[in-house]
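Read through the structure below, which is laid out as structure tokens, and then see the notes.
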Amino acid sequence: MDALPDQGFSLGRSERRRIRSGGFTGPTSGLAPGNVQANLVVLPHALANDFLRFAQANPKPCPVLAVSEPGDPTFPMLARDLDIRTDLPRYRVWRNGELAEEPTEVKHVWREDLVSFAIGCSFSFEEALIEDGIEVRHIACGRNVPMYRTSIPCVSAGVFHGPLVVSMRPLKPADAIRAVQITSRFPSVHGAPVHLGMPEMIGINNIDKPDYGDAVPIGPDELPVFWACGVTPQAAVAAVKPEFCITHAPGSMLITDLRNTRLAAL
């Protein structure tokens, strides 16, 4: 990868330092416009190969942007001045598949056998939607994006299995068509939607009660549009119950120095 651009470095570093100091603990959607954001999965080395195979078998919800060396809390290919242990607004620590805590840093539980995965996030393509004049409802409402567990199973790999998780944005039909065209250019951050309308067809029985994030209003002339979501690994963690795991809290992403334009397919 070429040297990271100065603009992305400045924006990303500023937000990471604010988060690291405790100055921001909320959802990161809309922060550092133009910079790639990433989901985080941190696992013991013994499970890393199985998880990488799971991600490769499920590239829509789990597009891998970077993998760390064991014990290394950095992603030098994604950002300068980055510490995986402190630079997300909120984390989730899992023990035996159960959510144990949601701290704002994880230095106190860090281990030398941990391997970190940065997974592409749909917050990265929202900039392109907004630039095209498409309203992103959760940003307009100042809320976290709504996310839902579906009845669609992921492809199993090694010990990992579980349901697909999706994020939802309500759009008018013409905007939904345009959103498909725009997000198709960003396969590294989930790409095109996986489903439009009729949420019950993918196992979502109450659109007003997301499994993660916040509900947003849907107009009578709008369709719920669903994208594969990087919270999918958390559903796999709950199913597999590894003895230890760290993830981001839904909506609280790692802000990188990489610019979204670098991920756009021609």
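Tell me the Rg and the Dmax, in Å, that the Cα atoms of the range 123-232 produce.
Cα only, the range 123-232: 13.5, 43 Å (Rg, Dmax).
What ranking of Thr25, Thr86, Thr232 emerges when the number of other C-beta atoms within 10 Å of each C-beta is taken as an exposure proxy, fewest first?
Listed from fewest to most nearby Cβ atoms, that is Thr25, Thr86, Thr232.
Report ³J(HN,Hα) in whole Hz for each residue of the range 203-219, in order, from the Karplus equation J = 6.51 cos²θ - 1.76 cosθ + 1.60 where θ = phi - 60°; Gly and Pro get x.
The phi angles translate into x, 9, 8, 9, 5, 7, 10, x, 6, 9, x, 10, 5, 10, x, 10, x Hz.
If we count every other residue with Cβ under 13 angstrom of Val189's Cβ, Lys/Arg +1 and Asp/Glu -1, where does the sum land?
Summing Lys/Arg as +1 and Asp/Glu as -1 gives +2.
So, R0 is 45 Å and r is the distance between the beta-carbons of Ala57 and Ser21; what FRET efficiency does that work out to, to 0.05?
With a Förster radius of 45 Å, E is 0.70.
In debye, nearest 20, what is the charge dipole magnitude of the chain about its Cα centre with +1 on Lys and Arg Cβ and -1 on Asp and Glu Cβ, if you could check?
60 debye
Of Ala174, Ala32, Ala239, which has the largest mean-square fluctuation in a 10 Å C-alpha GNM of the chain?
Ala174
How much length would be gained if the chain were fully extended between Glu135 and His108, taking 0.36 nm per residue of separation minus their Cα-Cα distance, in nm to one decimal?
That pair, Glu135 and His108, stretches by 5.7 nm at full extension.
Only helical DSSP H runs with n ≥ 4 go in: add -39500 (n - 2.57) per run for the chain, normalise by residue count and round the 222 nm mean residue ellipticity to 500 deg cm²/dmol.
Rounded to the nearest 500, the figure is -7000 deg cm²/dmol.
Bin width 10 Å, alpha-carbon pairs only: give the P(r) of the chain as whole percents, running from 0 to the bin holding the largest distance.
So the P(r) values, bin by bin, are 7, 32, 38, 19, 3, 0.
Lysines within cross-link reach of Lys107: Cα-Cα under 25 Å, excluding same-chain residues under 8 positions apart?
List returned: Lys241.
With springs only between Cα atoms under 10 Å, which of Gln56, Gln37, Gln234 fluctuates most in a Gaussian network model of the chain?
Gln56
For Asn205 and Arg95, calculate 0.36 nm times their separation in residues minus their Cα-Cα distance, and state this gained length in nm to one decimal.
That works out to 36.7 nm of additional length.
How much length, in nm to one decimal, is gained on full extension between Ala215 and His161, taken as 0.36 nm per residue of separation minus their Cα-Cα distance?
Answer, rounded to one decimal: 16.8 nm.
Determine, from the Cβ-Cβ distance of Ser10 and Ala46 and an R0 of 45 Å, the FRET efficiency 1/(1 + (r/R0)^6), rounded to the nearest 0.05.
Efficiency at R0 = 45 Å is approximately 0.70.
Coordinate-derived values only; no laboratory data. Note that this is a predicted model, so its numbers are computed, not measured. We place every Cβ from the backbone using ideal geometry, glycine too, and count neighbours over all the protein chains shown.
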